[in-house]
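Below: the structure, in structure tokens.
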Amino acid sequence: MDTGVRDRTADQTANFNGSIVASLQSVSKAYDKVEALRGVDLELRAGEVVALLGPNGAGKTTAIGLFLGRIRPTRGRVQVFGSEPTRAASRTRIGAMLQISGVPETLRIREHIELFRSYYPQPLSLETILTAAGLVGLEQRFYGKLSGGQKQRLHFALALSGNPDLLFLDEPTVGLDVGSRKALWSQIRRFSGQGRTIVLSTHYLEEADALADRIVLIDRGRVIADGTPASIKQVAGGRKITVTTRLDRTTVERLPGVSDVRPRHHGLEILAPRAEAVVRKLLELDPNLHGLEVTGIGLEEAFLRLTQGVKA
Amino acid sequence: MILQASTTTHRRRRNALRIFWLESKYEFLKNLRLPIYSLSVLMFPVMFYVLFGLSFGRSDFGPVSSSLYYAVTYSAFGIMGASLFGFGVNVAVERGQGWMHLKRAFPMPPLAYFAAKVFMATLFGLIIVLTLLTLGTLFGGMRLAAGQILVIVGVLIAGALPFSALGLALGYLTGPNSATAVVNLIYLPMSFSAGLWIPIQELPAFFQTLAPYLPSYHYAQLGLASIGAGDGGHVGWHILVLTGITLVSLLVALVLYFRDEARSYG
């Protein structure tokens with residue numbers, strides 16, 4: 001299962017001929033006794049939008065912290081723009097949106113942005129930032145008076161203020177309502193491109209699917225899959241066949257082309273990359289089968305199956 | 001080539017100055033607009049001075065008038081608060097809630113962050129001491145020469161450094177929820193016991209014995225010595241104690257800062 005997903009080099013070269021801008025090389029990170037990351041290899045290429053997808057506690061925030069130089073790896077190597085992530089030169093090319101609170105509430109949007117712009121040698125103009133983050137007309141508003149969605153947009157504005165080549169967004173839309181989430185998505189999408197690399201962590205599959213052209217699935221500190229949304233669905237068993245049959249689970253599991261079988265109601269739920277051959281075989285073995293249904297599986301299900309596969 | 005290099009250095013220096021300036025300006029504005037900080041830090045010394053320093057009429061404390069004596073002790077009280085709260089509570093909150101982590105992920109020079117807080121606390125301190133001296137002059141019959149004002153202001157502002165350092169250490173020792181309470185628990189008893197509210201000579205003997213162990217006492221005595229109203233202790237000794245407290249606090253803060261930097265989050 002793994003080999004199929006990880007072997008994406010050809011696929012990647014076709015989509016992005018960008019060079020490697022940052023990488024984790026066999027990186028492990030342990031906090032006291034908990035291992036947050038275990039031997040992770042991850043390369044980020046110029047121009048791609050990568051989603052780190054996984055449940056809470058999977059190690060996504062740790063991965064971002066390593067790239068930002070905020071966390072030192074226990075083992076392995078972190079490189080950003082060819083040097084240590086803590087180097088000032090690489091920092092000026094990076095922007096970040098982290099899961100934080102405690103943003104000073106008595107400063108205005110314009111003031112927050114002006115201060116963060118000053119950290120960079122060649123920042124974007126205030127107007128460009130306000131437009132990109134959808135904050136035009138709110139520049140005099142105090143941070144404390146903003147709605148949840150507006151606050152997240154300001155965090156996004158700060159992240160892009162230095163005109164970064166590499167942008168990290170840690171759970172950018174967590175806690176937002178659907179409308180605000182969609183608005184932030186379109187701002188992120190508009191800001192991508194032009195050789196800019198964006199890394200976002202999320203536990204919303206919909207978000208990864210909507211924004212990323214590459215998804216890295218992380219579970220309990222390990223990369224369990226890395227590929228396009230389509231290839232992940234493919235590997236997890238592209239089609240789901242639901243059927244009521246007298247055939248038992250073991251028989252079906254042994255059929256060629258079947259990747260997984262689970263009992264469901266009075267029948268079976270069968271996963272197969274190509275459904276046609278399996279259906280033909282099933283009909284051959286049990287001409288009386290009924291309730292046949294073939295559907296594509298969602299990313300949500302692909303994700304669940306991949307994580308369960310590792311646990312087993 | 002050489003010219004180019006020097007303009008780059010020049011530009012970099014100007015950028016750094018701009019960061020320090022904006023960081024300081026917004027640190028000040030942020031706190032000024034925060035009533036819990038600006039009102040308590042500015043209003044309490046002013047209110048206490050008006051109530052206890054001016055409204056009882058004029059009397060003399062040894063060589064100086066009560067209005068001048070209280071102007072110094074209540075200024076010391078106010079400036080100490082500006083420093084302790086400005087550092088302690090701000091650092092604890094910004095550290096505990098992730099704001100500092102975010103700023104550290106950006107190319108902000110860490111020194112700018114701390115320098116801005118020194119600037120902010122100094123500016124609040126200046127406002128306090130100048131307000132009290134003005135009130136004393138207008139309503140307390142104080143007559144001070146320009147040189148005297150300069151000495152008082154200079155001693156009180158410079159003498160606040162240990163409390164900025166102590167506040168910084170407290171900012172690292174406490175969390176966002178406990179900082180205000182902890183700082184108050186240290187600040188208020190320390191102010192009273194050192195004779196910042198009621199002259200030390202009028203406090204019960206217990207406090208007079210306790211006072212020399214408190215940094216607030218040495219600070220107040222430095223301020224009072226600048227108007228010739230100290231209790232006779234050696235100025236050098238006060239300075240030595242305050243320097244010691246500054247160094248120990250900075251050391252604690254520095255150790256905890258690097259522990260924070262090494263430790264990760266999330």
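The values are calculated or read from the model by the stated rules, or taken from the named source; none is laboratory data. Please read all numbers here as calculations on a predicted model, not as lab measurements. Neighbour counts run over all protein chains shown; Cβ positions are idealised from the backbone, glycine included. Surface areas here come from the heavy atoms of the whole protein model, side chains and all, with no ligands, DNA or RNA. Shrake-Rupley method; radii C 1.70, N 1.55, O 1.52, S 1.80 Å.
Testing the spin-label approximation: label points 7 Å from Cα along Cα→Cβ at residue B:115 and residue B:260. State their distance in nm.
Once both label points are built, they end up 1.9 nm from each other.
Taking amide H positions as placed in the peptide plane 1.01 Å from N, state which residues far from residue A:76 in sequence (5 or more) or on other chains have amide H under 5 Å from it.
Distant-sequence amide H within range of residue A:76: A:28.
Considering only A:108, A:280, A:38, give the residue with the highest GNM mean-square fluctuation for chain A, with springs between Cα atoms whenever their separation is below 10 Å.
Fluctuation is largest for A:280.
Let me check something: with ligands and nucleic acids excluded, how do A:151, A:145 order by accessible area (1.4 Å probe), largest to smallest?
A:145, A:151
Can you find, among A:266, A:191, A:162, the residue farthest towards the positive end of the dipole of region A:160-284? Put +1 on the C-beta of Lys and Arg, -1 on that of Asp and Glu.
Farthest towards the positive pole: A:266.
With an 8 Å Cα cut-off and a minimum separation of 6 or more residues, compute the relative contact order for chain A in percent.
Relative contact order comes out at 20 percent.
Using a Förster radius of 41 Å, what is the FRET efficiency between residue B:213 and residue A:110 based on their Cβ-Cβ separation? Nearest 0.05, please.
0.25
Can you give the FRET efficiency to the nearest 0.05 for residue A:140 and residue A:33, using r as the Cβ-Cβ distance and R₀ = 60 Å?
0.75
Tell me the label-point distance for the pair residue B:184, residue A:189, using the 7 Å Cα-to-Cβ offset, in nm and rounded to one decimal.
Going by the 7 Å Cα→Cβ label model, 5.0 nm.
Between A:48, A:105, A:84, where does the largest GNM mean-square fluctuation fall for chain A, given springs only between Cα atoms within less than 10 Å?
Answer for the Gaussian network model of chain A: A:105.
Quick one: helix A:299-311 against the long Cα principal axis of chain A, what's the angle to the nearest 10°, folded into 0 to 90?
With both axes taken from Cα atoms, the answer is about 80 degrees.
Treat every Asp and Glu Cβ in region A:2-228 as -1 and every Lys and Arg Cβ as +1, leave all other atoms uncharged, and give the resulting dipole magnitude about the Cα centre to the nearest 20 debye.
480 debye
Looking only at A:59, A:195, A:137, which one moves most when chain A is put into a Gaussian network model with springs between Cα atoms under 10 Å?
A:137
Antiparallel as a % of all DSSP beta bridges within region A:2-228, to the nearest 5?
In region A:2-228, approximately 55 percent of DSSP beta bridges are antiparallel ones.
Do you know the relative contact order of chain B, to the nearest whole percent, from alpha carbon pairs under 8 angstrom that are 6+ apart?
Relative contact order here is 24 percent.
Using a 1.4 angstrom probe, figure out how much accessible area region A:2-228 has per residue, in square angstrom, rounded to the nearest whole.
Result: 39 Å² of accessible area for each residue.
Please list 3J(HN,Hα) in residue order for region A:51-68, calculated via the Karplus relation 6.51 cos²θ - 1.76 cosθ + 1.60 where θ = phi - 60°; whole Hz, with x for glycine and proline.
9, 8, 10, x, x, 4, x, 6, x, 5, 5, 4, 4, 5, x, 5, 4, 7
Can you give the mean number of other chain Cβ atoms that lie within 10 Å of the Cβ atoms in peptide A:104-117?
Mean shielding count: 4.
Ballpark to the nearest 100 Å², how much total accessible area do B and A bury together, probe 1.4 Å?
Approximately 3000 Å², summed over both chains.
Only Lys, Arg, Asp and Glu count, each charged at its Cβ (+1, +1, -1, -1), so figure out the dipole size of the protein assembly as shown about its Cα centre, rounded to 20 debye.
Value, rounded to 20: 820 debye.
With θ set to phi - 60°, apply the Karplus curve 6.51 cos²θ - 1.76 cosθ + 1.60 along region A:181-197 and write out the HN-Hα couplings as whole Hz, x wherever there is a Gly or Pro.
Along region A:181-197, the couplings run 5, 4, 5, 5, 4, 5, 5, 5, 4, 5, 7, 6, x, 6, x, 7, 9 Hz.
Can you name the helices of chain B, as whole DSSP H runs, whose Cα span along the helix axis is 20 Å or more and whose Kyte-Doolittle mean is not below 0.5?
Answer set is B:66-96, B:110-139, B:179-193, B:235-262.
Work out the length of the dipole vector of region A:104-200 about its Cα centre, built from +1 on the beta-carbon of each Lys and Arg and -1 on the beta-carbon of each Asp and Glu, and round it to the nearest 20 debye.
Approximately 260 debye in magnitude.
Out of A:49, B:32, B:174, whose Cα points farthest toward the positive end of the dipole of the protein assembly as shown (charges: +1 Lys, Arg; -1 Asp, Glu; placed on Cβ)?
A:49
Amide H neighbours of residue A:45 under 5 Å, counting only residues 5+ apart in sequence or on other chains, H built in-plane at 1.01 Å?
A:21
Describe numerically, in nm with one decimal, the distance between label points set 7 Å from Cα along Cα→Cβ at residue A:250 and at residue B:56.
Here the modelled spin labels are 9.7 nm apart.
Summarise the partner chain shielding of B:17-27 as one whole number: the mean count of Cβ atoms from other chains within 10 Å of each residue's Cβ.
3
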